[in-house]
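The values are calculated or read from the model by the stated rules, or taken from the named source; none is laboratory data. Predicted model only: the values in this text are computed from it and were never measured. For neighbour counting, all protein chains shown are included, and Cβ atoms are generated from backbone atoms with ideal geometry for every residue, glycine included. For the accessible areas, the whole protein counts, side chains as well, though only heavy atoms, and no ligand, DNA or RNA atoms are used. Shrake-Rupley method; radii C 1.70, N 1.55, O 1.52, S 1.80 Å.
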Amino acid sequence: DPSGTFVQLRVSLVQTACGKRAPRRQNCRTLENRRKPTCLACYKFDRGDVPKVLDKYQNCGPSHHLAVKEIKHRDEAECRAVEEAGKSSDALYLPGMYAFSKGLPA
């Protein structure tokens, strides 16, 4: 994509029996029937020598929530918007992009 690099990450997390400062985190057992959030992150970087973030979206939500399908649809829409960042802006109009005011009569 000539407008930059798009990266999408999806991570599923689980709670473990180890504390945050445990020295051996790789040997932690997972806790059953606990929260298992799924996180989604989308980033769009420009093509510069030192890439800058053009746009980003991050969200972690519960996997057991009743509105998971709605959250997933919103996440997908947000990531598509991030992916479009930096592309030709003349074809894209966003509400509030332009502001007009009515002048008083002279």
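HN-Hα J couplings of region 73-81 from phi, Karplus 6.51/-1.76/1.60, θ = phi - 60°, integer Hz, Gly and Pro as x?
Listing the rounded values in order: 5, 5, 4, 4, 5, 5, 5, 4, 5 Hz.
Between ARG74 and LYS20, what is the label-point separation in nm under the 7 Å Cα-to-beta-carbon projection?
2.6 nm
Considering amide H positions built from the backbone, and no H for Pro or chain starts, which residues 5 or more places from LYS36, or on another chain, come under 5 Å of its amide H?
SER63, HIS64
Whose amide H sits under 5 Å from the amide H of ASP55, counting only residues 5 or more places off or on another chain, with H placed in the peptide plane?
LYS44
Could you run the Karplus curve 6.51 cos²θ - 1.76 cosθ + 1.60 with θ = phi - 60° over region 39-48 and give me ³J(HN,Hα) per residue in whole Hz, x for Gly and Pro?
10, 10, 9, 10, 9, 10, 10, 7, 9, x
Quick one: what are the phi-derived ³J(HN,Hα) couplings along region 7-19, Karplus 6.51/-1.76/1.60 with θ = phi - 60°, whole Hz, x for glycine and proline?
10, 10, 10, 10, 10, 9, 10, 9, 7, 10, 7, 7, x
Place +1 on the Cβ of every Lys and Arg and -1 on the Cβ of every Asp and Glu in region 27-87, take the dipole about the Cα centre, and give the residue among GLY86, GLN58, PHE45 whose Cα lies farthest towards its positive end.
In region 27-87, that residue is GLN58.
Roughly how many Å² is the accessible area per residue of region 5-84, as a whole number, for a 1.4 Å probe?
Result: 81 Å² of accessible area for each residue.
Taking a threshold of 27 Å on the Cα-Cα distance, which of the pairs LYS44/LYS72; LYS36/LYS69; LYS20/LYS52; LYS36/LYS87 fall above it?
In this structure, LYS20/LYS52; LYS36/LYS87 exceed 27 Å between Cα atoms.
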